[in-house]
Amino acid sequence: MRRLDAAEEWARIDSILQPLGWHDMDQARLLLECGCEPSRAAELSMTQADQLGAWLEVDPEYLLGREQNPVVHPNLYHNVPSELWRAIITATTSHTLREVLVLKVRGMNLDRLRPGIGTDDPRSMLAVVLTLRRPLGSYVVETWQLWQPEPWVYPKSREHVLSVLLLLQALDARGFSGCYPRGLEISAEEMKALNKGQMHITAVLGHHRWPPKWDVQNFLQPAGLLASRRRNEIEQSLQHYGDWRAMLSDHR
(Lines give C-alpha, C1' and ligand atoms only; values in the text may rest on other atoms or scores of the structure.)
Protein backbone atom coordinates (compact mmCIF):
# COMPACT_ATOMS: atom_id res chain seq x y z
CA MET A 1 0.00 0.00 0.00
CA ARG A 2 1.14 3.55 -0.63
CA ARG A 3 2.19 5.86 2.17
CA LEU A 4 -0.68 8.16 3.18
CA ASP A 5 -0.35 11.91 3.11
CA ALA A 6 -0.83 13.95 6.30
CA ALA A 7 -4.55 14.57 5.73
CA GLU A 8 -5.24 10.87 5.18
CA GLU A 9 -3.20 9.86 8.24
CA TRP A 10 -5.10 12.27 10.48
CA ALA A 11 -8.40 11.10 9.04
CA ARG A 12 -7.53 7.58 10.21
CA ILE A 13 -6.51 8.86 13.64
CA ASP A 14 -9.75 10.84 13.96
CA SER A 15 -11.80 7.77 13.02
CA ILE A 16 -10.40 6.12 16.17
CA LEU A 17 -10.37 9.18 18.43
CA GLN A 18 -13.82 10.65 17.77
CA PRO A 19 -15.91 7.69 19.04
CA LEU A 20 -13.98 7.78 22.34
CA GLY A 21 -15.80 11.00 23.16
CA TRP A 22 -12.74 12.74 24.58
CA HIS A 23 -12.70 16.48 25.12
CA ASP A 24 -10.66 18.44 22.57
CA MET A 25 -8.12 19.25 25.29
CA ASP A 26 -7.67 15.54 26.00
CA GLN A 27 -7.02 14.85 22.34
CA ALA A 28 -4.53 17.71 22.21
CA ARG A 29 -2.79 16.32 25.29
CA LEU A 30 -2.45 12.90 23.65
CA LEU A 31 -0.85 14.43 20.58
CA LEU A 32 1.62 16.36 22.74
CA GLU A 33 2.45 13.22 24.74
CA CYS A 34 3.17 11.39 21.47
CA GLY A 35 5.27 14.23 20.05
CA CYS A 36 2.83 15.14 17.28
CA GLU A 37 2.38 18.59 15.78
CA PRO A 38 -0.78 20.29 17.15
CA SER A 39 -1.46 21.73 13.69
CA ARG A 40 -1.84 18.21 12.26
CA ALA A 41 -0.15 19.48 9.11
CA ALA A 42 2.83 17.14 9.19
CA GLU A 43 2.97 13.46 8.35
CA LEU A 44 3.58 11.04 11.21
CA SER A 45 7.01 9.69 11.96
CA MET A 46 7.36 6.00 12.80
CA THR A 47 8.01 6.92 16.45
CA GLN A 48 4.84 9.01 16.61
CA ALA A 49 2.81 6.27 14.95
CA ASP A 50 4.19 3.72 17.42
CA GLN A 51 3.20 5.87 20.40
CA LEU A 52 -0.29 6.61 19.07
CA GLY A 53 -0.77 2.95 18.17
CA ALA A 54 0.14 1.83 21.69
CA TRP A 55 -2.28 4.32 23.21
CA LEU A 56 -5.21 3.55 20.94
CA GLU A 57 -4.53 -0.18 20.37
CA VAL A 58 -4.11 0.42 16.63
CA ASP A 59 -1.48 -1.04 14.33
CA PRO A 60 1.06 1.80 13.71
CA GLU A 61 1.46 0.57 10.13
CA TYR A 62 -2.27 1.22 9.62
CA LEU A 63 -1.86 4.84 10.71
CA LEU A 64 0.92 5.23 8.15
CA GLY A 65 -1.06 3.56 5.38
CA ARG A 66 1.18 0.50 5.14
CA GLU A 67 -1.51 -1.90 6.36
CA GLN A 68 -5.19 -2.09 5.46
CA ASN A 69 -6.46 -3.45 8.79
CA PRO A 70 -6.46 -1.22 11.88
CA VAL A 71 -5.64 -4.01 14.36
CA VAL A 72 -2.83 -6.55 14.32
CA HIS A 73 -4.24 -10.08 14.19
CA PRO A 74 -4.09 -12.33 16.02
CA ASN A 75 -3.45 -11.11 19.55
CA LEU A 76 -2.90 -14.59 20.91
CA TYR A 77 -2.65 -13.53 24.54
CA HIS A 78 -6.16 -12.10 24.23
CA ASN A 79 -7.46 -15.56 23.41
CA VAL A 80 -6.65 -17.20 26.75
CA PRO A 81 -9.47 -17.09 29.35
CA SER A 82 -7.07 -17.10 32.30
CA GLU A 83 -5.36 -13.99 30.90
CA LEU A 84 -8.73 -12.28 30.60
CA TRP A 85 -9.36 -13.08 34.26
CA ARG A 86 -5.99 -11.60 35.16
CA ALA A 87 -6.69 -8.43 33.15
CA ILE A 88 -10.06 -7.96 34.88
CA ILE A 89 -8.56 -8.50 38.33
CA THR A 90 -5.67 -6.14 37.64
CA ALA A 91 -8.04 -3.43 36.39
CA THR A 92 -10.38 -3.75 39.35
CA THR A 93 -7.74 -3.80 42.06
CA SER A 94 -5.99 -0.81 40.47
CA HIS A 95 -9.35 0.99 40.23
CA THR A 96 -8.96 1.56 36.48
CA LEU A 97 -11.97 -0.51 35.34
CA ARG A 98 -15.07 1.56 34.60
CA GLU A 99 -17.26 -0.97 32.80
CA VAL A 100 -17.36 -4.49 31.34
CA LEU A 101 -19.21 -5.02 28.08
CA VAL A 102 -19.99 -8.46 26.63
CA LEU A 103 -20.57 -8.56 22.87
CA LYS A 104 -22.45 -11.41 21.28
CA VAL A 105 -23.68 -12.05 17.76
CA ARG A 106 -27.41 -11.67 17.22
CA GLY A 107 -29.02 -15.06 17.57
CA MET A 108 -26.25 -16.48 19.75
CA ASN A 109 -27.26 -18.97 22.41
CA LEU A 110 -24.78 -19.93 25.11
CA ASP A 111 -26.11 -23.49 24.93
CA ARG A 112 -24.40 -23.77 21.52
CA LEU A 113 -20.97 -23.53 23.12
CA ARG A 114 -19.47 -26.98 23.60
CA PRO A 115 -15.93 -28.07 24.47
CA GLY A 116 -13.99 -30.22 22.07
CA ILE A 117 -15.77 -29.15 18.87
CA GLY A 118 -14.19 -26.55 16.63
CA THR A 119 -16.46 -24.34 14.54
CA ASP A 120 -16.43 -21.24 12.37
CA ASP A 121 -20.08 -20.55 13.15
CA PRO A 122 -20.25 -16.81 13.94
CA ARG A 123 -23.10 -17.55 16.34
CA SER A 124 -20.48 -18.99 18.70
CA MET A 125 -18.50 -15.73 18.74
CA LEU A 126 -18.39 -13.72 21.93
CA ALA A 127 -16.12 -10.85 22.96
CA VAL A 128 -15.38 -9.02 26.20
CA VAL A 129 -14.60 -5.30 26.23
CA LEU A 130 -13.00 -3.56 29.19
CA THR A 131 -13.54 0.19 29.49
CA LEU A 132 -10.43 1.45 31.28
CA ARG A 133 -9.55 4.76 32.93
CA ARG A 134 -6.03 5.84 31.99
CA PRO A 135 -3.93 8.81 33.11
CA LEU A 136 -2.97 11.20 30.34
CA GLY A 137 -0.72 13.82 31.85
CA SER A 138 -2.87 15.51 34.49
CA TYR A 139 -6.04 14.17 32.84
CA VAL A 140 -7.87 10.86 33.11
CA VAL A 141 -9.40 9.48 29.91
CA GLU A 142 -11.21 6.28 28.94
CA THR A 143 -10.14 3.72 26.37
CA TRP A 144 -11.49 0.36 25.30
CA GLN A 145 -9.64 -2.94 25.33
CA LEU A 146 -11.03 -5.81 23.24
CA TRP A 147 -10.66 -9.41 24.43
CA GLN A 148 -11.67 -12.74 22.93
CA PRO A 149 -12.99 -11.73 19.48
CA GLU A 150 -13.06 -15.40 18.44
CA PRO A 151 -15.43 -18.34 18.77
CA TRP A 152 -15.63 -19.55 22.35
CA VAL A 153 -15.08 -23.20 21.54
CA TYR A 154 -12.45 -25.63 22.78
CA PRO A 155 -10.43 -24.68 24.76
CA LYS A 156 -12.70 -21.64 25.28
CA SER A 157 -16.08 -23.24 25.76
CA ARG A 158 -19.18 -22.43 27.77
CA GLU A 159 -17.62 -23.43 31.08
CA HIS A 160 -15.01 -20.69 30.58
CA VAL A 161 -17.68 -18.11 29.74
CA LEU A 162 -19.44 -19.10 32.95
CA SER A 163 -16.28 -18.80 35.02
CA VAL A 164 -15.63 -15.29 33.66
CA LEU A 165 -19.19 -14.29 34.59
CA LEU A 166 -18.72 -15.82 38.04
CA LEU A 167 -15.53 -13.83 38.47
CA LEU A 168 -17.38 -10.63 37.60
CA GLN A 169 -20.16 -11.53 40.04
CA ALA A 170 -17.61 -12.14 42.81
CA LEU A 171 -15.91 -8.81 42.14
CA ASP A 172 -19.26 -7.00 42.04
CA ALA A 173 -20.18 -8.57 45.38
CA ARG A 174 -16.91 -7.30 46.86
CA GLY A 175 -17.83 -3.76 45.94
CA PHE A 176 -15.67 -3.27 42.86
CA SER A 177 -17.59 -0.93 40.58
CA GLY A 178 -18.02 -1.55 36.87
CA CYS A 179 -17.86 -5.34 37.09
CA TYR A 180 -21.52 -6.13 36.50
CA PRO A 181 -21.42 -6.65 32.72
CA ARG A 182 -23.68 -5.03 30.17
CA GLY A 183 -24.60 -7.08 27.12
CA LEU A 184 -24.53 -5.73 23.58
CA GLU A 185 -25.56 -7.48 20.36
CA ILE A 186 -23.80 -6.91 17.05
CA SER A 187 -24.02 -8.50 13.61
CA ALA A 188 -22.08 -11.61 12.61
CA GLU A 189 -20.29 -9.62 9.91
CA GLU A 190 -19.05 -7.06 12.41
CA MET A 191 -17.93 -9.72 14.89
CA LYS A 192 -15.97 -11.48 12.14
CA ALA A 193 -14.41 -8.15 11.12
CA LEU A 194 -13.30 -7.59 14.73
CA ASN A 195 -11.91 -11.11 14.79
CA LYS A 196 -9.84 -10.52 11.65
CA GLY A 197 -8.59 -7.11 12.74
CA GLN A 198 -10.48 -5.42 9.91
CA MET A 199 -12.44 -3.21 12.30
CA HIS A 200 -11.41 -1.29 15.42
CA ILE A 201 -13.56 -1.67 18.52
CA THR A 202 -14.49 2.03 18.36
CA ALA A 203 -16.41 1.41 15.13
CA VAL A 204 -18.75 -0.91 17.03
CA LEU A 205 -19.05 0.72 20.43
CA GLY A 206 -18.45 4.37 19.70
CA HIS A 207 -22.03 5.24 18.85
CA HIS A 208 -23.70 2.57 21.01
CA ARG A 209 -25.98 1.64 18.15
CA TRP A 210 -27.10 -1.62 19.76
CA PRO A 211 -29.15 -1.41 22.94
CA PRO A 212 -28.40 -3.85 25.78
CA LYS A 213 -31.14 -6.35 24.91
CA TRP A 214 -29.23 -9.29 26.32
CA ASP A 215 -28.41 -9.60 30.02
CA VAL A 216 -25.47 -11.99 30.25
CA GLN A 217 -26.28 -12.73 33.87
CA ASN A 218 -29.59 -14.36 32.94
CA PHE A 219 -27.64 -17.50 32.11
CA LEU A 220 -26.56 -17.78 35.74
CA GLN A 221 -29.93 -17.75 37.46
CA PRO A 222 -30.06 -19.93 40.62
CA ALA A 223 -32.55 -22.35 39.05
CA GLY A 224 -30.12 -23.07 36.22
CA LEU A 225 -27.23 -23.66 38.59
CA LEU A 226 -29.18 -26.46 40.25
CA ALA A 227 -28.88 -28.59 37.11
CA SER A 228 -26.09 -31.15 37.51
CA ARG A 229 -24.73 -30.51 34.01
CA ARG A 230 -24.43 -26.78 34.67
CA ARG A 231 -22.82 -27.36 38.05
CA ASN A 232 -20.32 -29.80 36.55
CA GLU A 233 -19.29 -27.26 33.90
CA ILE A 234 -18.51 -24.66 36.55
CA GLU A 235 -16.59 -27.18 38.63
CA GLN A 236 -14.57 -28.30 35.60
CA SER A 237 -13.64 -24.73 34.78
CA LEU A 238 -12.47 -23.94 38.30
CA GLN A 239 -10.52 -27.21 38.50
CA HIS A 240 -8.86 -26.59 35.14
CA TYR A 241 -7.62 -23.09 35.87
CA GLY A 242 -7.32 -23.37 39.64
CA ASP A 243 -9.09 -21.30 42.21
CA TRP A 244 -9.09 -17.83 40.65
CA ARG A 245 -10.57 -16.44 43.84
CA ALA A 246 -7.09 -16.73 45.34
CA MET A 247 -6.00 -14.08 42.85
CA LEU A 248 -8.39 -11.54 44.37
CA SER A 249 -7.04 -9.08 46.89
CA ASP A 250 -9.03 -7.74 49.81
CA HIS A 251 -8.57 -4.17 48.63
CA ARG A 252 -11.51 -2.07 47.51
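The values are calculated or read from the model by the stated rules, or taken from the named source; none is laboratory data. Every value quoted in this text rests on a predicted model; they were computed, and no experiment measured them. We place every Cβ from the backbone using ideal geometry, glycine too, and count neighbours over all the protein chains shown. To get the accessible areas, we keep the full protein, side chains included, count just its heavy atoms, and leave off ligands, DNA and RNA. Shrake-Rupley method; radii C 1.70, N 1.55, O 1.52, S 1.80 Å.
The table below lists the values:
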{"quantity": "Chain lengthening between Ser39 and Ala6 when straightened (0.36 nm per residue, less Cα-Cα)", "calculated": "10.8 nm"}
{"quantity": "Full-extension gain in nm, Leu136 to His23, via 0.36 nm per residue minus C-alpha separation", "calculated": "39.5 nm"}
{"quantity": "Total formal charge among the other residues, if their Cβ is under 13 angstrom from that of Leu32, Lys/Arg +1 and Asp/Glu -1", "calculated": "-2"}
{"quantity": "About the Cα centre, charge dipole magnitude for segment 1-71 (Lys/Arg +1, Asp/Glu -1 at Cβ), debye", "calculated": "100 debye"}
{"quantity": "Accessible-area order (highest first, 1.4 angstrom probe) of the listed residues His200, His95", "calculated": "His95, His200"}
{"quantity": "Binned Cα-Cα distances of segment 15-89, short to long, each 10 Å bin given as a whole percent", "calculated": "17, 42, 29, 11, 1"}
